[in-house]
Amino acid sequence: MFSSIENVMEQFAGQKYIASRRIATVIYLASMLKKPVLVEGPAGVGKTEIAKVLAQSLGHELIRLQCYEGLDEGKALYEWEYAKQLLYTQILKDKVSEVLVGAKGLAQAVDRIAQEDEVFFSERFMLPRPLLKAITSEKPVVLLIDEIDKADAEFEAFLLELLSDYQVTVPEIGTFKARQIPLVVLTSNNAREMSDALKRRCLHLYIDFPERDQELAIIKLKAPEAADKLASEVVGVVQSLRKLDLKKTPGISETLDWVKALTLLNVQSLDQDLVSETLDTIVKYEGDVRKAQEELKEYVRRAKTRRGSDAGSAGPGPASDKDLLN
Amino acid sequence: MEDKLVEFANLLRQNGVRVSLAETLDAIGAAGTTGLENRDSFRAGLRATMIKRASELPLFEELFDIYFSGLGEIIKQAGQAVQDALSMSDQEFQKFLDEVEELLKKEGQKLSEMAKELLQNRSGQMEQRMRDAARAVRVSGIERTIEENYFARALARELWLDKIEQEIRELREQIQKLDFSDAMKAKLEQYLERRLKALDDIIRRYVRMEREKRDMRAREERKLSQLGDKSFYYLSDEELDKMKEAVTRLAQRLKNVLAVRRKHAKKGRFDIKRTLRQNLAYGGVPFKLRFERRKREKPQVVILCDVSDSVRNASRFMLQFVYSLQDLYSRVRSFVFVADIGEVTEHFRNNDIREALDTALKGDIINVNAHSDFGRAFRGFVSDHIGAINKRTTVIVLGDARNNYNLPHDWCLREIRQRARKVIWLNPESRNTWDFGDSEIGRYAVHCDMVEECRNLNQLYRVVDQLVVR
């Protein structure tokens with residue numbers, strides 16, 4: 001467990017994740033208040049990463065449930081191993097007949113079998129899926145329910161029992177209470193609005209695109225091999241791209257991909273051609289690429305004039321500054 | 001602290017944020033865990049527990065600032081103003097305050113607590129006292145600017161302002177008799193006077209702040225509800241932008257409902273025949289279960305949108321709706337017409353919304369300056385694009401059906417309806433004016449499954465609801 005908010009920040013930094021105080025506070029609260037966290041925000045800002053880093057820094061196992069349209073309890077919670085049950089009945093035929101020895105009539109035989117039926121509906125024949133695994137685990141775990149917005153609304157309702165009481169109910173067996181309360185992280189890309197009931201049970205964390213300095217720090221941490229100049233130029237370009245109305249705004253992961261790609265190409269500093277050639281790593285739609293190209297031309301031009309004026313003022317010394325002021 | 005958080009939750013509620021009791025309890029728990037030392041952590045804790053929608057975050061930030069520093073800030077500023085009036089530096093002022101404290105110890109036994117706090121600049125206690133008084137006179141009930149005076153007076157009464165004034169006046173007289181230098185006496189005089197004024201100022205500003213808190217919600221709400229009922233014809237550019245957001249949400253909603261329905265339909269009933277056949281290999285023991293599979297039915301939509309001048313704003317908005325729909329569904333085909341008809345599907349798919357709308361309305365695809373001719377447009381559609389329509393297609397026509405007395409060619413619409421699953425006509429004109437003048441809506445309505453007036457966002461919502469329910 002974490003000892004303080006600062007401790008969360010340190011631990012996360014140790015796992016190469018730069019957590020702002022806001023993020024750290026929410027994580028700390030989640031661990032102290034035993035509440036699930038719902039993380040929302042645009043794609044590629046490190047929502048899923050939070051859960052991974054959280055698991056690593058606590059040394060817990062990470063259990064992940066990827067949501068998609070049509071996901072149901074069978075895939076999320078448990079399933080009966082139908083084939084195994086059948087196999088056992090076939091192998092144990094003799095035993096079954098033994099039980100039935102001396103039974104008078106069908107009704108009595110059925111009664112006798114019924115007495116034994118919990119053998120077949122026990123945990124032995126249950127195939128635990130992520131949610132049940134997280135609940136029954138002996139050790140504390142981090143449960144990541146990824147992209148919950150992709151799942152259907154019914155599934156969301158089904159999660160409520162788990163999120164508020166940390167228990168799940170299997171009709172044939174009963175209720176499983178969590179042995180260790182798992183830390184639950186849900187992520188959502190906001191493809192649809194979550195229900196109020198779900199939101200009420202969660203702490204809410206909204207992560208937006210990082211500020212310039214923060215993004216630089218992230219690059220330094222995740223791609224230390226990149227040249228400083230390159231890093232700051234890349235961040236400048238990406239930040240200006242985010243202001244455009246793109247179909248898919250580039251996230252931190254795209255920035256990192258781009259920096260890594262450029263470093264691999266042994267690039268020290270950006271220029272127009274290079275940007276055009278490698279733009280596909282950050283912008284994923286054709287229409288966006290076109291728009292980005294235009295913006296970048298503008299950006300490079302501005303950067304050039306800025307550099308030009310810098311050089312001009314550096315030459316003649318402090319006297320020229322005065323001139324400019326006048 | 002709990003009181004304060006409960007009150008803050010109330011304030012959020014008054015501003016339209018839904019904060020449940022459970023969430024308030026969480027917030028109290030969070031505040032207990034984060035503590036109050038670090039303001040950012042405290043803020044983050046409340047944010048995570050009370051605000052669950054990204055769109056409500058700005059409001060939260062604003063209210064948090066007002067609520068958790070508002071009064072404190074006002075009192076601090078008032079103190080600063082006194083210091084400025086006396087033109088002292090921070091150190092001098094501090095020293096001066098110490099002297100005042102000495103003085104009060106000797107001469108101020110008769111002073112009430114409130115007066116002492118005021119004169120010694122103990123802002124924390126003053127803040128508490130103000131809050132208690134404000135609760136007693138229910139300042140939080142303030143609604144209008146006109147009430148500010150009334151509440152300010154009530155608050156002053158509750159704080160015994162008269163008594164404080166009286167006491168300070170007596171103190172001033174007392175000081176005159178004391179053995180101080182004239183300069184010091186003058187300074188003290190000025191100080192006392194300023195302090196009294198400061199208190200008055202604090203009360204007024206506090207009342208105003210309270211009113212502003214309530215106001216924010218009212219303003220926003222008014223704006224939004226108006227937007228819903230405002231006719232498309234009278235929207236400003238800014239409102240159109242806002243509308244864009246609403247429309248995207250609407251389209252999304254339509255999709256969600258359809259998605260759930262599709263999911264239900266995906267798994268069919270238990271298929272006995274196929275199960276038996278499949279499991280023959282296992283001696284008839286049903287190892288593998290088989291279910292009937294149902295075909296996924298993707299909604300196919302064909303939209304015909306009138307972009308003539310008479311419905312300009314409406315069509316701009318409708319095209320936004322079409323664009324968002326096309327973003328969500330793969331099988332939407334969009335056409336625009338005035339007299340000629342042209343397809344814009346590809347165009348919408350490859351361009352961003354602003355660009356797409358502009359080209360559709362500018363006349364690159366069809367001549368938009370012609371006089372509307374629905375008959376001709378429909379005939380054009382039937383002869384060139386009738387293949388776009390099959391048994392699963394829903395056809396949506398957006399237009400006012402004002403045909404400039406041209407031939408209506410309503411048989412074309414009949415033809416379309418025979419092939420399509422459903423034909424829906426959305427008319428941006430008020431129902432009262434239908435069938436007057438050159439309006440041919442009655443003639444066309446015969447061939448539609450549904451004809452609805454659709455002049456504003458709320459009506460569009462209703463239409464979508466009906467579509468979904470059926």
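Database remark: amide H of residue B:393 closer than 5 angstrom to the amide H of B:421 (H placed geometrically; neighbours at sequence offset of 5 or more, or on other chains; Pro and chain starts carry no H). Label-to-label distance, residue A:94 versus residue B:94, with points set 7 angstrom from Cα along the beta-carbon direction: 9.5 nm.
Taking the charge dipole of chain A about its Cα centre, with +1 at Lys and Arg Cβ atoms and -1 at Asp and Glu Cβ atoms, the residue from A:80, A:216, A:101 reaching farthest to the positive side is A:216.
So if I place +1 on the C-beta of Lys and Arg and -1 on the C-beta of Asp and Glu, and nothing else carries charge, what would the dipole magnitude of chain B be about its Cα centre? I want it in debye, nearest 20.
Numbers: 85 positive and 76 negative charges, 836 e Å.
My answer is approximately 4020 debye.
Taking every alpha-carbon pair within chain B, the share separated by more than 28 Å comes to 68 percent. What residue among A:236, A:53, B:86 has its Cα farthest toward the positive end of the dipole of the protein assembly as shown, where the charges are +1 on Lys, Arg and -1 on Asp, Glu, each on the Cβ? My answer, from the dipole projection, is A:53.
Please compute the length gained on full extension between residue A:180 and residue A:106, using 0.36 nm multiplied by the number of residues separating them and subtracting their Cα-Cα distance.
Numbers: separation 74, 0.36 × 74 = 26.64 nm, distance 4.59 nm.
So the chain would gain 22.1 nm between residue A:180 and residue A:106.
Residue by residue, segment B:31-47 carries 3J(HN,Hα) couplings of 4, x, 7, 7, x, 9, 4, 9, 4, 5, 5, 4, 4, 4, x, 5, 4 Hz when phi is fed to the Karplus relation 6.51 cos²θ - 1.76 cosθ + 1.60 (θ = phi - 60°); x denotes Gly or Pro. Averaging the Cα positions of each part gives two centres, and for segment B:144-177 and segment B:1-34 these lie 33 Å apart. Can you give me the angle between helix B:90-107 and the longest principal axis of chain B, using Cα atoms only, in degrees from 0 to 90, rounded to the nearest 10? Once rounded, the angle reads 60 degrees.
Do any chymotrypsin sites (Phe, Trp or Tyr not before Pro) in segment A:26-116 lie in a loop, going by DSSP, with at most 12 other beta-carbon atoms within 10 Å of their beta carbon, and if so which? Before the final figure, lay out the partial values.
Working: sites: A:28, A:68, A:78, A:80, A:82, A:88; in loops: A:68.
Loop-located and lightly packed - A:68.
Can you work out the FRET efficiency for the pair residue B:288 and residue A:73, with r the C-beta to C-beta distance and R0 = 30 Å, to the nearest 0.05? Don't jump to the answer; show the numbers that get you there.
Values: r = 20 Å, r/R0 = 0.68.
FRET efficiency, residue B:288 to residue A:73: 0.90.
Membrane-span-like helices of chain A, defined as complete DSSP H segments with a Cα extent of 20 Å or more along the helix axis and a mean Kyte hydropathy of at least 0.0, are identified as A:228-242.
Roughly how tilted is helix B:161-177, in degrees to the nearest 10 and between 0 and 90, from the longest Cα axis of chain B? Once rounded, the angle reads 30 degrees. Using +1 at the C-beta of Lys and Arg and -1 at the C-beta of Asp and Glu, which of B:433, B:141, B:50 has the Cα lying farthest in the positive direction of the dipole of chain B? Of B:433, B:141, B:50, it is B:433. Model label points for residue B:186 and residue A:127, set 7 angstrom from Cα along the Cα-to-Cβ axis, are 9.5 nm apart. Residues with beta-carbon under 13 Å from that of residue A:169, excluding residue A:169: net charge, scoring Lys, Arg +1 and Asp, Glu -1? The answer is -3. For chain B, the longest principal axis of the alpha carbon atoms and the long axis of helix B:57-85 meet at an angle near 20°. For the protein assembly as shown, a simple Cβ point-charge model (Lys and Arg +1, Asp and Glu -1, everything else neutral) yields a dipole of about 3040 debye relative to the Cα centre.
Only four residue types carry charge here, +1 at the Cβ of Lys and Arg and -1 at the Cβ of Asp and Glu. Report the dipole size of chain A about the Cα centre in Debye, rounded to the nearest 20.
Numbers: 44 positive and 51 negative charges, 124 e Å.
Charge dipole, chain A, about its Cα centre: 600 debye, nearest 20.
We did not get these values from a lab; they are worked out from the coordinates using the rules stated. As the structure is a prediction and not an experimental result, all values here were calculated from the model. Every residue, glycine as well, gets a Cβ built from its backbone with ideal geometry; the counts of neighbours run over all protein chains shown.
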